[in-house]
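Notes follow the structure.
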Amino acid sequence: MEEKKAVHSTEAPRSGVSAPATATDASHAVSGTGRRAPSSGRQTSARLEWVDTARACCVIAVVAYHLYIWHFATMGVSGGSIAGAAWEEISDDLGALRMPLLLVLSGMLATSKIRHGFGHGKTRRSVVSNYYLYLVWLLIYAVVGSFLGSYSPTGHLQGDLPVALQLIVPDTTLWFIYALAVYVPALSLVRMAPPLLIIGVLAVINVAIGLLADGTEPLGLKVIRLAVYFAIGVHAKDLIFRLVGTHKYAMAGVGLVAVPLLTVVFHLGIPAALNETLHLFRALAFVGASFGITAMLVRFRWCARAGRWVGTRTLGIYVLHPVLIIALSILADGPLRSMRTVVADSTALALIYPVATTVLIVSTCVLIERLLIACRLGVLFRAPAWIVK
């Protein structure tokens, strides 16, 4: 699978169990589709709005990245062209930075469950809900992939490992949902340990895997490697909210300077261990910048509304977008073959195409989710009560 080739590429949901401020099941950590209780004040509302907007940015970045590597990169746009070079650089950055942001957000939303411990009912229900969603969509991906037969992009749906093995070793884009089912009980078991120790150990593991992977990284290994970001979200939640509330401009400014600066440093031939360590810090700088920027953007009501609209619907977007991208690729290889030439021959179209197509896919995912729920198939996006009770 093409996605496995980049060591620093990282992958990633409407309501399930509890309110978005504390939820951690996939239906909240990636989406939060449940209806909130009325806010107790403007400050609380603003907090929820920037979190929703940040989640919206995450899932849009996931769609854009997969659209590039699975579809746009095969459109024949020259890598030496303005559009080709620009989208290749954007894709590289999205591949490295989108999932640290989503995992930190997910960790923030998981804090209360982890503090309760695995013996608490809500914590257990969260784990069951996450794994239920993972199983449901793993089976759907397997069926759809089998139906499509030998068409090459179906590997992105089915993964390279047998479906039976993927019950314990994720090998598709669903690895993020699987990770939530693992992170919550794991961190609950060590919740009494010093947070800095937990984060430090996971940071060392992150760097070590980056060194050992040597250019390749199975998707299942991401569950271990990227756990540090989830842990940071869990243990730094209060600090993050304070910084966003009082220093959002500084967070945005420092992050916007640090990210490109560290990107330049990576090309200076520094030692591998230092390179991997700085990748971790660059991801955290990006997270800080994203939080600061989204906190500023939600001051504009249209932006807050748009962020909430997408940010509370991300489970459907996350699980459905691979199928739509593959369907688009099939069309581009068949009835819409001429579209490849049109896009490849126009710099303007090549620049606009990924943006317009990402918007189309996100909107279509939301529409499909609504139709499935209207057809009484809400169990595809939310674990039945008898399973999580």
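Bear in mind these aren't lab numbers, they're just calculated from the coordinates by the rules spelled out. None of these values were measured; they are calculated from a predicted model. No Cβ is skipped: glycine too gets one built from the backbone with ideal geometry, and neighbour counts run over all protein chains shown.
Karplus couplings for segment 325-337 from phi (6.51 cos²θ - 1.76 cosθ + 1.60, θ = phi - 60°), rounded to Hz, Gly and Pro as x?
5, 5, 4, 5, 5, 4, 5, 5, 8, x, x, 9, 4
Could you tell me which residue out of I82, Y65, T294 lies farthest along the dipole of the chain toward its positive end? Charges go on the beta carbon: Lys and Arg +1, Asp and Glu -1, centred on the Cα centre.
T294
Please go through the residue pairs K222/K248; K222/K389; K113/K389 and name each one whose alpha carbons sit more than 22 Å apart in this structure. Spell out each step's value before the answer.
On the way: K222/K248 29 Å; K222/K389 30 Å; K113/K389 16 Å.
With Cα atoms farther than 22 Å apart: K222/K248; K222/K389.
Where does each of 375-387, 250-262, 221-233 land if you order them by average Cβ count within 10 Å, highest first?
Numbers: 375-387: 13.8, 250-262: 16.3, 221-233: 23.6.
Per-residue Cβ counts within 10 Å, averaged per peptide and sorted highest first, yield 221-233, 250-262, 375-387.
Could you list S346, S290 in order of exposure, starting from the residue whose Cβ has the fewest other Cβ atoms within 10 Å? Can you show the working numbers first?
Numbers: S346 14, S290 26.
Fewest-to-most Cβ neighbours within 10 Å comes out as S346, S290.
I need the peptides 291-301, 234-244, 95-105 ranked by packing, meaning the mean over residues of other C-beta atoms within 10 angstrom, with the highest value on top.
Details: 291-301: 19.1, 234-244: 17.4, 95-105: 26.5.
Taking the mean over residues of other Cβ atoms within 10 Å, the ranking is 95-105, 291-301, 234-244.
With only Lys, Arg, Asp and Glu charged, each at its Cβ (+1 for the first two, -1 for the last two), find how big the charge dipole of segment 2-388 is about the Cα centre; round to the nearest 20 debye. List each step's numbers first, then the result.
On the way: 31 positive and 19 negative charges, 386 e Å.
Computed charge dipole of segment 2-388: roughly 1860 debye.
Answer with one residue from I352, V362, L165: the one whose Cα lies farthest towards the positive end of the charge dipole of the chain, charges on Cβ with Lys, Arg +1 and Asp, Glu -1.
Of I352, V362, L165, it is V362.
Output the peptides 265-271, 115-121, 84-90 sorted from most to least packed, where packing is the average of other Cβ atoms within 10 Å over each peptide's residues.
Working: 265-271: 10.0, 115-121: 13.6, 84-90: 16.0.
The peptides rank, most packed first, as 84-90, 115-121, 265-271.
In percent, how large is the relative contact order of segment 248-389, given Cα pairs closer than 8 Å and 6 or more residues apart?
Answer for segment 248-389 is 22 percent.
Count the net charge of all other residues whose Cβ sits under 9 Å from the Cβ of N206, scoring Lys and Arg as +1 and Asp and Glu as -1.
On the way: positive: R225; negative: E276.
Neighbourhood net charge equals 0.
Take the Cα atoms of segment 2-388, find their three principal axes, and give me the spread along each one in whole Å, biggest first.
Here the spans come out as 57, 54, 45 Å, largest first.
Pop out the Kirkwood hydrodynamic radius of segment 73-226 from its pairwise C-alpha distances, inverse of mean 1/r, in Å to one decimal.
Numbers: mean 1/r = 0.0564 Å⁻¹.
Averaging 1/r across every pair of different Cα atoms and inverting gives 17.7 Å.
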